[in-house]
1. What value, in deg cm²/dmol to 500, does the helix sum -39500 (n - 2.57) over DSSP H runs of n ≥ 4 give at 222 nm once divided by the residues of the chain?
2. Which of Y157, Y119, Y130 comes first, and how do the rest follow, when ranked by fewest Cβ neighbours within 10 Å?
3. Mean separation of Cα pairs under 8 Å and 6+ residues apart, divided by the residue count of the chain: what relative contact order is that in percent?
4. To the nearest 0.05, how large is the calculated FRET efficiency for E49 and Q266 if R₀ is 51 Å and r is the Cβ-Cβ distance?
5. Quick one: longest stretch of the chain between exposed loop GluC sites (Glu not before Pro), exposed meaning at most 11 other C-beta atoms within 10 Å and loop per DSSP?
6. Taking amide H positions as placed in the peptide plane 1.01 Å from N, state which residues far from N23 in sequence (5 or more) or on other chains have amide H under 5 Å from it.
7. Report relative contact order for region 133-278 in percent, whole number only (criteria: Cα-Cα under 8 Å, sequence separation at least 6).
8. Could you work out the percent of alpha carbon pairs in region 3-113 separated by over 19 Å, rounded to a whole number?
Amino acid sequence: MTLSTLADAVITTDHNGLVEFVNTAAERLLHLRAGLLIGRPLRQHLAIENFEKHSRIDILKESRKLAKERAILRPGNGPQVQIEFQVANLSTPEGKAGGHVITMRDVTQEVAQAAKLSYEASHDELTDLYNRRQFELCLAKTLSSARREQRVHTLTYLDLDRFKSIHDTHGHAAGDFFLTELARQLRKTMRGNDVLARIGGDEFGFIMHDCHFENAKPVLQALERTISLLKVPWDNAMLSVGVSYGTVEIDENTLSVDEAMRAADQGCYEAKRVAALT
């Protein structure tokens, strides 16, 4: 197979960065005919940005032992694409610096699919909140920061009251609809760096970073008020629930994610027990 027929885009330049060869795949990727590139500086026609920082990079300076790099390509006459590229530096028989061989591949769909799978693995399908696995990963990082930097955070475990009656009376579709609307409303009570997750059927976890228990009280009161006042129409009924919750501080003395979750869960259980007696 020749360079001309490779599926990957291939461009070669001389030691001055002037384009010497462009294959068909490169023409399609750049939305430019080879005749417009041959003999001209590659830098003038190849607008590539850093994948993370979105800053312009010089592709001819990106040779790192044939390591593959990710970047954003902005063709002059087409939509931007995400690419994977390699740059090989050539040398003359005398050992002097020669030209370059650049190979590029469009990975836009691959990146999008990977991002989609990652999102689905970390989020609850119904409410679009974090799922339990992702919440525990976030909590582990929270514990780490508490120990490493002596920071204090607050963990809250919430359990909806009377939610089972929605299922029993109106069916699972009504329950799902209520949870979706509840999640939408709860997001409005969160601060920018808070973490909210659905960790069970009608159970939620809530992390407030850099927040002592006393400072968390107003947020929790607003959250409780949001849940208690929420009325969701369904057929000829208005769906509503109450909430019980338990809250613990996360600091440098917190031993583990399991310990923190158990303590918050126990606090929630105690709140439910007291509520049942009143």
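1. -12000 deg cm²/dmol
2. Going from sparsest to densest Cβ surroundings: Y119, Y130, Y157.
3. Relative contact order here is 15 percent.
4. 0.50
5. Result, exposed sites excluded: 126-278.
6. Answer set, sorted by chain and number: V10.
7. Contact order relative to length: 36 percent.
8. When every Cα pair of region 3-113 is considered, 41 percent fall beyond 19 Å.
Where a number appears in this text, it was derived from the coordinates with a stated rule and is not lab data. Just so you know, these numbers come straight off a predicted model, no measurement behind them. Note that we place each Cβ from the backbone using ideal geometry, even for glycine, and neighbour counts take in every protein chain shown.
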